[in-house]
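Colleague: Dropping a structure here in structure tokens format, bear with me for questions.
The values are calculated or read from the model by the stated rules, or taken from the named source; none is laboratory data. In this text, all values refer to a predicted model and were calculated from it rather than measured experimentally. No Cβ is skipped: glycine too gets one built from the backbone with ideal geometry, and neighbour counts run over all protein chains shown.
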Amino acid sequence: MSGNVFSVRDRVRWSEVDGAEIIYFGAYVRFIELAETELLRDVGLPYSEIFDRFDIWLPRVHLEFDFFAPARLDEMLEVRTTIERIGTSSITLRMEIWSEERKRQCALAAMVVACVGRETLTSQPLPAAVVAALEPYRVASADSSRIAP
């Protein structure tokens with residue numbers, strides 16, 4: 001099974017670069033958060049509704065990056081997102097960040113969000129509606145080694 005790729009684009013901003021006009025590594029977090037938020041909105045589960053609808057929180061519990069090439073001020077970056085894993089109570093998102101101008105991958109991120117009850121903050125199973133909505137973006141393990149350009 002090969003999942004769909006969700007894509008979102010945004011430019012590197014002045015506040016995200018250093019004196020050499022190269023993106024600061026921590027600024028990539030904004031790009032992956034944008035991708036996560038817009039993916040959920042695209043599948044009909046915007047954060048403005050998901051928490052109340054299911055009485056859950058989805059905290060980030062793990063984040064890792066690999067960096068391959070610098071991105072520069074005003075460069076248009078595309079974040080290509082797939083779901084690497086949907087567990088009982090967590091989701092692993094994989095995000096490739098590409099420079100549109102240079103047709104080059106700048107970074108790769110993996111982020112795990114967990115499902116917890118709002119009152120108890122303890123682990124609980126993901127709602128079936130959340131799993132079903134994200135299923136089209138799940139990739140098989142052999143496919144998850146790379147998202148095609």
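Colleague: Do you know which residues across the stretch 93-129 are under 29 Å from G26 (Cβ atoms) and β-branched (V, I, T)? Let's see the steps before the verdict.
Modeller: Looking only at the stretch 93-129, we keep the residues that are under 29 Å from G26 (Cβ atoms), and these are 93-116, 118, 121, 123, 126.
Selection gives I97, V112, V113, V116.
Colleague: So which of E16, E38, E75 ends up being under 14 Å from Y137 (Cα atoms) and surrounded by 15 or more Cβ atoms within 10 Å (Cβ to Cβ)? Let's see the steps before the verdict.
Modeller: On the way: E16 fails: under 14 Å from Y137 (Cα atoms); E75 fails: under 14 Å from Y137 (Cα atoms).
Answer to the selection: E38.
Colleague: Please go through the stretch 87-107 and give me each residue that is surrounded by 17 or more Cβ atoms within 10 Å (Cβ to Cβ) and within 19 Å of N4 (Cα to Cα), ordered by number.
Modeller: Result: I91, T92, L93, R94, M95, E96, I97, W98, Q105.
Colleague: Condition first: of a type in the set (A, V, I, L, M) and surrounded by 14 or more Cβ atoms within 10 Å (Cβ to Cβ). Now tell me which residues in the stretch 19-35 satisfy that. Show your work before the answer.
Modeller: Of the residues in the stretch 19-35, the ones of a type in the set (A, V, I, L, M) are 20, 22-23, 27, 29, 32, 34-35.
Result: I22, I23, A27, V29, I32, L34, A35.
Colleague: Which count do you get for residues in the stretch 109-149 that are part of a helix (DSSP H, G or I) and either modelled with pLDDT of 95 or more or surrounded by 12 or more Cβ atoms within 10 Å (Cβ to Cβ) (or both)? Steps first, answer last, please.
Modeller: In the first step, residues of the stretch 109-149 are kept if they are part of a helix (DSSP H, G or I); the result is 128-137, 143-145.
With either modelled with pLDDT of 95 or more or surrounded by 12 or more Cβ atoms within 10 Å (Cβ to Cβ) (or both) added as a condition, the list becomes 128-137, 143-144.
Total satisfying the criteria: 12.
Colleague: Output yes when any residue across the stretch 50-58 is at pLDDT 95 or above, more than 17 Å from the chain's Cα centre (by Cα) and on the phi > 0 side of the Ramachandran plot, and no when none is.
Modeller: yes
Colleague: Among (1) over 16 Å from the mean Cα position of the chain (by Cα); (2) among the hydrophobic types (A, V, I, L, M, F, W, C); (3) farther than 21 Å from G117 by Cα, where does V43 come up short?
Modeller: (1)
Colleague: Of the conditions (1) touching a residue at least 40 places away in the same chain (Cβ under 8 Å); (2) closer than 15 Å to R11 by Cα; (3) charged (D, E, K, R), R118 fails just one. Which one is it?
Modeller: Here R118 meets the rest and fails (2).
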